[in-house]
Amino acid sequence: VPVSACAALHGLRDAGQLRQGQQVLTIGAGGGDGTFAVQLAKAFGAAATGVCSPAKAELVRTIGADHVIDYTRGDFAGGGRRYDLILDIAGNNPLPRLRRALAPDGTLIIAGGEGGGPLIGGGDRQLRASLLSPFTRQKLRGLMSAEHAEDLRDLRELIEAGKVTPAIDRTYALGEAAEAIRRLHAGQARGKLVITVQEEDS
């Protein structure tokens, strides 16, 4: 919760200025940050669409998404639907493609990134979005997130009210941590992975 849910909260509520009734698209909806983003969008009264792999589609439906797009079979930018707010967590969609799915006055939040050059790595799209944003009605922003006590209190209230629940894929013993990390890096984790640490008997 402190890292992933805070990142989703900052992306939607703070950077995205999410309002009730908006259409929200989360790319990477089946991962750790994405599962929180879908639930938060619904908790704030928005209509939530999630983009994910077929293996994660059922999870994304279960956590409350109104629509689920399997990226192997559907194109979120090609169906004519436009979104008020797009939170891109997956990190490899070109900026022009993201903008095609965005409403003319919508907001795009790019969280993290993959690939990129040797100097700024995955921050390339965030930098280009920030440079382009002043010249378009669309608001194009990168996301840098840090945890704050007030955010954690807000998230605790949502969790205690049953509006947000951490999605746990699998639990691993400490000795299996390498396997868990391999699953995470392969993009196979549905939600979060948990490592259990047990104290040894003295």
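Scanning the stretch 129-161 for residues that are over 18 Å from the mean Cα position of the chain (by Cα) and small (Gly, Ala, Ser) turns up Ser130, Ser133, Ala149, Ala161. Residue count for the stretch 71-89, restricted to those that are part of a loop (DSSP other than H, G, I, E, B) and among the aromatic types (Phe, Trp, Tyr): 2. Kindly indicate whether Ala48 is farther than 30 Å from Arg153 by Cβ, part of a strand (DSSP E or B) and open to solvent by less than 30 Å² (accessible area, probe 1.4 Å). Considered against the rule, which asks whether it is farther than 30 Å from Arg153 by Cβ, part of a strand (DSSP E or B) and open to solvent by less than 30 Å² (accessible area, probe 1.4 Å), Ala48 comes out as no. Pairs linking a residue in the stretch 181-200 that is at pLDDT below 85 to a residue that is loosely packed, with under 14 Cβ neighbours inside 10 Å, with Cβ atoms under 8 Å and 6 or more positions apart or on different chains, are Gln188/Ala55; Gln198/Ala173; Gln198/Leu174. Would you point out which residue out of Leu40, Leu25 is crowded, with 24+ Cβ neighbours inside 10 Å, over 23 Å from Ile168 (Cβ atoms) and at pLDDT 95 or above? Just a single option satisfies the conditions, and that option is Leu25. Among residues that are open to solvent by 40 Å² or more (accessible area, probe 1.4 Å), more than 26 Å from Leu158 (Cβ to Cβ), part of a loop (DSSP other than H, G, I, E, B) and not hydroxyl-bearing (Ser, Thr, Tyr), Arg97 is not included.
If you take the residues of the stretch 159-180 that are acidic (Asp, Glu) and either modelled with pLDDT under 90 or loosely packed, with under 10 Cβ neighbours inside 10 Å (or both), which of them is farthest from Lys56 (Cα to Cα)? Here the residue is Glu160. Exactly one residue among Gly187, Gly142 is farther than 19 Å from Gly16 by Cβ and either of a type outside the set (A, V, I, L, M) or outside any helix (DSSP H, G or I) (or both), and that residue is Gly187. Scanning the stretch 1-21 for residues that are open to solvent by 10 Å² or more (accessible area, probe 1.4 Å), within 15 Å of Lys42 (Cβ to Cβ) and not in a loop (DSSP other than H, G, I, E, B) yields one hit, Arg13. Picking from residues in the stretch 181-195 that are surrounded by 17 or more Cβ atoms within 10 Å (Cβ to Cβ) and of a type in the set (Gly, Ala, Ser), the one that is nearest to Asp14 (Cα to Cα) is Gly191. Once the stretch 70-113 is narrowed to residues that are farther than 21 Å from Leu12 by Cβ and among the acidic types (Asp, Glu), the residue that is modelled with the lowest pLDDT is Asp75. Going by the conditions given, is Glu150 modelled with pLDDT under 90, surrounded by fewer than 16 Cβ atoms within 10 Å (Cβ to Cβ) and of a type in the set (D, E, K, R)? No, not satisfied.
The values are calculated or read from the model by the stated rules, or taken from the named source; none is laboratory data. Note that the structure is predicted; figures quoted are calculated from it, not measured. Ideal geometry is used to build each Cβ from the backbone, glycine not excepted, and the neighbour counts take in all protein chains shown. Side chains are part of the model used for accessible areas, which takes the heavy atoms of the whole protein and leaves out ligands, DNA and RNA. Shrake-Rupley method; radii C 1.70, N 1.55, O 1.52, S 1.80 Å.
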